[in-house]
Amino acid sequence: MNPRLPALLNDLFLFAMMLVIAEILTFAMILQYRGGEIPCPLCLLQRVAMFGVCVGIILHFRSGYSARNEGISMLFALFLLIVSVRQTLLDIYPRPGHDYIGSAVFGLHMPVWSVIIAVAILLAFTVKIMVLGGEDLRDDDKPQLFSSAAKLLSAYVVAICVVNFVSVVLQCGLQACHTSGYRFSIF
């Protein structure tokens, strides 16, 4: 067996995970801008958690394998799970004025999808660690094409993070976001 195979599989796994999260965040932004659906504060926290998962992965591609980087991603996945379960439980029995915010995708709203996403991320990391371990995942000799693709995807994730940050400032100003009375303001 090729001694670089576990490190290559780890890189492919993390790249695919970051690509899927970037697609989810991009789709959320498309719904936000095209559909005029301004996210609620808990939805914004879920986005922050997904960006946090990507931060651990970006650190992996910048600095190489470290259990700390995976720990960062897993900690943010746990944060995503906590926030999304809280919102799902708050909205499980809709009250007047507190219905689910936003459109349903395949019959599920974003908080429920976020629960599924968080569990999937945590399960994926668990299976990866069980299969690949951690001892053989350091590989300083990455293929140039793969390294360039990872840098490009990392830059895209940072860009959509910046766009989301600017959107939040426009939505909430320098104050705390509220669950009602959404508006776009500069300050």
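The values are calculated or read from the model by the stated rules, or taken from the named source; none is laboratory data. Being a predicted model, the structure only gives us computed values, none of them experimental. Neighbour counts are summed over all protein chains in view; Cβ atoms, including those assigned to glycine, are modelled from backbone coordinates with ideal geometry.
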Exercise. Tally time: how many residues in region 1-43 are surrounded by fewer than 20 Cβ atoms within 10 Å (Cβ to Cβ), assigned to a helix (DSSP H, G or I) and over 11 Å from the mean Cα position of the chain (by Cα)?
Worked result: 16
For this session: Could you tell me which numbered condition ILE38 fails, if it satisfies all but one of (1) touching a residue at least 12 places away in the same chain (Cβ under 8 Å); (2) within 23 Å of ALA120 (Cβ to Cβ)?
Result: (2)
Exercise. Can you name the number of the only condition in (1) β-branched (Val, Ile, Thr); (2) part of a loop (DSSP other than H, G, I, E, B); (3) at pLDDT 80 or above that VAL115 fails?
Worked result: (2)
Exercise. So which residues in region 158-187 are part of a loop (DSSP other than H, G, I, E, B) and modelled with pLDDT of 80 or more, if there are any at all?
Worked result: none
